[in-house]
1. Which values, in whole Å and largest first, are the semi-axes of the equivalent ellipsoid of segment 140-179 obtained as the square root of 5 times each eigenvalue of the Cα gyration tensor?
2. For F161, list long-range residues whose amide hydrogen, built 1.01 Å from N in the peptide plane, is under 5 Å from its own amide hydrogen.
3. Beyond 27 Å between alpha-carbons counts as too far, so tell me which of K139/K271; K32/K139; K139/K288; K243/K302; K51/K90; K99/K288 fall in that bin.
4. Could you report the accessible area of T247 in Å², rounded to 10, computed with a 1.4 Å probe on the protein chains as they sit in the structure?
5. What nm value, rounded to one decimal, do you get for the distance between I40 and Q109 when each label is placed 7 Å out toward the C-beta?
6. Let me spell out the model: positive unit charges on the Cβ of Lys and Arg, negative unit charges on the Cβ of Asp and Glu, origin at the Cα centre of segment 29-68. What dipole size does that give, in debye rounded to 20?
7. Could you give the size of the charge dipole of segment 27-101 about its Cα centre, using +1 on the Cβ of each K and R and -1 on the Cβ of each D and E, expressed in debye and rounded to the nearest 20?
8. Against the globular-protein guess of 2.2 N^0.38 Å, express the Cα radius of gyration of segment 84-171 as a ratio, rounded to two decimals.
Amino acid sequence: MRTLTFFAAALISTVAFAQAPAWHDLGRNATKAEVQAWDIDVRPDFKGLPKGAGSVALGERVWEAQCASCHGSFGESNEVFTPIVGGTTKADVERGRVKNLEPGTTFPQKTTMMKVATVSTLWDYINRAMPWNAPKSLKPDEVYGVLAYILSLSEVVPADFTLSDQNIADVQKRMPNRNGMVFYEPLWKADGKGDVKNVACMKDCPVETTIRSFLPDFARDAHGNIQEQNRVIGPVRGADTTKPAPTAPVGSQPSSAVAVAVAKPATNDVKALLAANSCTACHGMKQKIVGPAFSDIATKHKGNPGLESYLAIKIREGGVGVFGSVPMPPQPQLSAAEAGTLARWIAAGAR
C-alpha cells in the first residue's frame, strides 16, 4: 500500500510538471532599480518630476540645435509637424480657456499650446520622446529649459524666466487651457461606472462602412514596409506595403511569433539601419516626403568621386540648403561605420 501511494503521488507530480506552461520558468522578477529606470512618467500632480532647472536662454540654445529643424525657430512651423505655439492670447492665460477652441472660431489650426491643459504633459513628453531622432537624450535641466522656451513663446512666462521643479506648479496656474479639460468622473475613479447607457446609436445603426479617405498607391511604401515594423508579439497590425492594398482587414489573427530580444542593427544592414533610425519618416525611396527621395540624392550628386565621404558627413552632422530650406537634423547616434554604410547605399543609387 505504501508503495502504491508513493507511485500515485509520483504520477500526479509528473502529470502536473508535464502540463506546466512553456513559459513557466522563463524570466525573473524585475529588480527595484530596473523598475525605477522605467518609471519616468510625470503626473499632473508632478509626482515623478526630477529636481532641476532650466532657463529660457538655455532652452533656446537646445531648441535651435535639436528642435528647430522640425518645429521652426519659434515653434510655429507647420512644414513637418503641427505647430506647437500659436493661437493663444494673454486673455486665455488669465481665464484658463482658449478662445480659439470655442465653436464658431475661425483660427486655422489647433496648436499644442492651445490644446494641452497640464504643463506636466509637456515636460513628460519632451523628456520621453524628444528629440525625435534621439529620444531620452536630453538632461533634466535641458528639458526644463526647452519647456521654458516654449512657455515664453506663448507668453506664459517672461523671457528671463527659469523653470524648475520648485516653481512649475505656479506655472500650471497660467496654462492657457488649464480649465479646458473635460472631467468625466467615472474614467478617473477606479470604482467608477463606465458610460454603458449611451443611446446615440441604439437603433438604425449603419451596417456598411463608407471609406472617406485612403492611402494612395504611391505613398503605400513611402516609409518602408509597415509589416516589418510591427512588434513581434500580439496581433499583426500592418499590411505588407510592398504589395497592392488588401481587400480585407489585416491582422485579424494573432501572430504566432514569439518575443525576441531587440538587437542593435548590424553595421552593414542598410534596411535595419533605415528602420532603427527613422530615416524613412523623412525620406522616401523614390518620393520626396520631408526631405528628398534617396534616389534623388544619388542622382543630384552623380559623378562626384568623394560622394560617399560627403554623404557620411552630412548624415551625421546634418545640413541645409542643398534641397531647399528644410534642415536635415544631425544623426549623432550613428557611428562612422553606420553612416558610411548608408552613404555607400545612397551613392550606389539607393537600391
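1. 15, 12, 9
2. HN-HN under 5 Å from F161: V56.
3. K139/K271; K139/K288; K243/K302; K51/K90; K99/K288
4. Ignoring ligands and nucleic acids, T247 comes out at about 150 Å².
5. Taking the two extended label points, one gets 2.8 nm.
6. Values: 5 positive and 6 negative charges, 31 e Å.
Dipole about the Cα centre, nearest 20: 140 debye.
7. 360
8. Dividing the Cα radius of gyration by 2.2 N^0.38 Å gives 1.14.
The values are calculated or read from the model by the stated rules, or taken from the named source; none is laboratory data. Note that the coordinates shown come from a computational prediction; the quantities given were computed from them, not determined experimentally. Glycine also receives a Cβ, built like all others from the backbone with ideal geometry; neighbour counts cover every protein chain displayed. The protein model used for the area step is the full one, side chains on, heavy atoms only, and it has no ligands, DNA or RNA in it. Shrake-Rupley method; radii C 1.70, N 1.55, O 1.52, S 1.80 Å.
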